[in-house]
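Enquirer: Please see the structure below; I have some questions.
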Amino acid sequence: MIFVKEHFYNNRKLLSICDGNLIGKTFEEGKKILNVSKGFYHGEPMFEKDILNLIKENALLNIVGEESVNFALRNELIEKDGVKKIKGIPYALLL
């Protein structure tokens, strides 16, 4: 299940999009840390079509997890070369 939480910064919307099973976990690899905190990522579970409707509103995206990143790739929201990994967990940003 994909979870989405809306944040607002300087009149811009940022959506944190994350696989539900990763929320509350931290992944470290060398000096890199991926903190999938509940406060930032634990929003509402959503269907893909509902997520796409939110994104149409000119949102910045912070995407974490296999299911969430694959959703973004399928819908051409991000490019494959923009996906990074920490401890095998994919993530991407769209600014």
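The values are calculated or read from the model by the stated rules, or taken from the named source; none is laboratory data. What you are looking at is a predicted structure, and each value in this text was computed from that prediction instead of being measured. Glycine gets a Cβ as well: all are built from the backbone with ideal geometry, and neighbour counts include every protein chain shown.
Enquirer: Could you please let me know if PHE71 is out of contact with any helix residue (DSSP H, G or I) (no Cβ under 7 Å at 6 or more places or on another chain), within 20 Å of ILE89 (Cβ to Cβ), among the aromatic types (Phe, Trp, Tyr) and at pLDDT 95 or above?
Expert: So PHE71 does not fit the description; no.
Enquirer: Quick one: which residue in LEU77, LEU34, LEU54 is outside any helix (DSSP H, G or I) and in contact (Cβ under 8 Å) with a residue 24 or more places away in the chain?
Expert: Just one listed residue meets the conditions, LEU34.
Enquirer: Being under 10 Å from PHE3 (Cβ atoms) and part of a helix (DSSP H, G or I) is the filter here, so list the residues in the range 39-50 that pass it.
Expert: Within the range 39-50, TYR41 is the sole residue that qualifies.
Enquirer: Additional query: Restricting the search to the range 13-45, which residues are under 22 Å from LEU77 (Cβ atoms) and of a type in the set (S, T, N, Q)?
Expert: SER16, ASN21, listed by residue number.
Enquirer: Next question. I'd like the residue in the range 16-63 that is basic (Lys, Arg) and exposed (fewer than 13 other Cβ atoms within 10 Å of the Cβ) and, out of all such residues, is nearest to LEU95 (Cα to Cα).
Expert: Selected residue: LYS56.
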